[in-house]
1. Of (1) assigned to a helix (DSSP H, G or I); (2) touching a residue at least 12 places away in the same chain (Cβ under 8 Å), residue 128 satisfies all except one. Which?
2. Output the residue which, of all residues in region 249-299 that are assigned to a loop (DSSP other than H, G, I, E, B) and of a type in the set (A, V, I, L, M), is farthest from residue 329 (Cα to Cα).
3. Against the condition surrounded by fewer than 24 Cβ atoms within 10 Å (Cβ to Cβ), touching a helix residue (DSSP H, G or I) at 6+ places or on another chain (Cβ under 7 Å) and in a helix (DSSP H, G or I), how does residue 136 come out, does it pass?
4. Just one of (1) at pLDDT 85 or above; (2) in contact with a Leu (Cβ under 7 Å, 6 or more places away or on another chain); (3) among the hydrophobic types (A, V, I, L, M, F, W, C) trips up residue 179, so point out which.
5. Does region 139-177 hold any residues that are surrounded by fewer than 20 Cβ atoms within 10 Å (Cβ to Cβ), assigned to a helix (DSSP H, G or I) and of a type in the set (Ser, Thr, Tyr), and which are they?
6. Of all residues in region 324-344 being closer than 19 Å to residue 256 by Cβ and not in a strand (DSSP E or B), which is most open to solvent (accessible area, probe 1.4 Å)?
7. For residue 69, are the conditions met, namely being open to solvent by less than 50 Å² (accessible area, probe 1.4 Å), over 26 Å from residue 311 (Cβ atoms) and either in contact (Cβ under 8 Å) with a residue 60 or more places away in the chain or in contact with a Phe, Trp or Tyr (Cβ under 8 Å, 6 or more places away or on another chain) (or both)?
8. Tell me whether region 106-122 contains one or more residues that are without any contact (Cβ under 8 Å) to a residue 12 or more places away in the chain and charged (D, E, K, R).
Amino acid sequence: MKKTTGAVVGLFASGPLLLAVPILAIGAGSASASCSTGGAQSVDTAAVASQVKAILDGGDTGAVSVAGLDDPADQVPNAKTIQDTGVAMNIPARGQVVALVTALQESGLRNLTYGDRDSLGLFQQRPSQGWGTANEILDPVHSSAKFYEGLQKVSGWQSLSVTQAAQAVQRSGFPEAYAKWEPLATALQKAIAPLLSKSGGGSPSPSPSGSADTETAPSDIAGGCTAGGDGTDFGTIPPGAVPAEYKIPADAPAKVQTAIRWALGQLKTPYQWGGSCSDSHGPDPMGRCDCSSLMQQAYKAAGVTLTRTTYTQVKEGKATSADVLKPGDLVFTEGTAEVPGHVGMFIGQGLIVNAPHTGDVVRIATLASWKSQILAARRVV
């Protein structure tokens, strides 16, 4: 990796927005976990998950050893606080990984009472640079929130690499050092996400298999399969293609038909994490779609207002079962039912339209390929 990139240099030089972001200058005497410029460390994600669960569930904290977590009883709860704060602020999973990467590099995920010059805490933030008082910075929730606020002020941070995003907030003297922590940070984020609900705080979102407002399967459901099949009859669907046999359901509500038609109009456009989906065919990458903005804009075209993220869309409308989906229903996967990481729209005939991930395009998937991963479903019309 090059020491700097044009994109990052452009961000640093590009005006008032970033000048307002508190700056952390790290010198040679930093309390950073490491100043090595080596490559990313390999991580046993299963071992990370085991250690995280053991610690947060109050089990045997010494049963599993993970490289990079030499004091897990201290580090894992700090990671959970960082992630919990991110969820409360509606920061997507990738932003939580950026924060975890930064704390791993700057403090080793420890709430340090010392550092280079007046640097303190998980992110080695400096009172003299506007991050807060010393006592505030030593509050992990405050320091995490201030980091996320700084990240949100970085224009287009969603399109940067994790390392570039971390450096855009921190301005570290060792920008290459963040990269090696990304695998561990990603494993921590994925391991902690399912356990966040155990700390209480928010009201849980309904699961797909039962809640007070979940619909009961009608008599035309056989063998637990949504009427209309699961899409397997269409075979392999090429990226961005619409099966010739598919028709927008004529018996669906008019708003649902409009939303489906609009979503299908974005097929083949490149995925953009954090993109607004306001101009998916245009030249600006941030006008393209990610999974939740595709849902938001499709329903906006139908005159229905949805919130922006999967974390909030999973609370829209009312819960329904994955076994009784109707066209227009939002279907959630990845993460947990309370904090899902991905969403698509059921469009009938066993098909789901979605914007999958970086490097892919808006496309149609079969319900069969999603069924085992569905965490929740919501009916918004």
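1. Unmet condition: (2).
2. 267
3. Spelling it out, residue 136 is indeed surrounded by fewer than 24 Cβ atoms within 10 Å (Cβ to Cβ), touching a helix residue (DSSP H, G or I) at 6+ places or on another chain (Cβ under 7 Å) and in a helix (DSSP H, G or I).
4. (2)
5. 159
6. 326
7. yes
8. No.
The values are calculated or read from the model by the stated rules, or taken from the named source; none is laboratory data. Everything numeric in this text was worked out from a predicted model, so none of it was measured. Here the Cβ is made from the backbone with ideal geometry for all residues, glycine too, and neighbour counts use every protein chain on show. Surface accessibility is based on the protein's heavy atoms, side chains included, excluding ligands, DNA and RNA. Shrake-Rupley method; radii C 1.70, N 1.55, O 1.52, S 1.80 Å.
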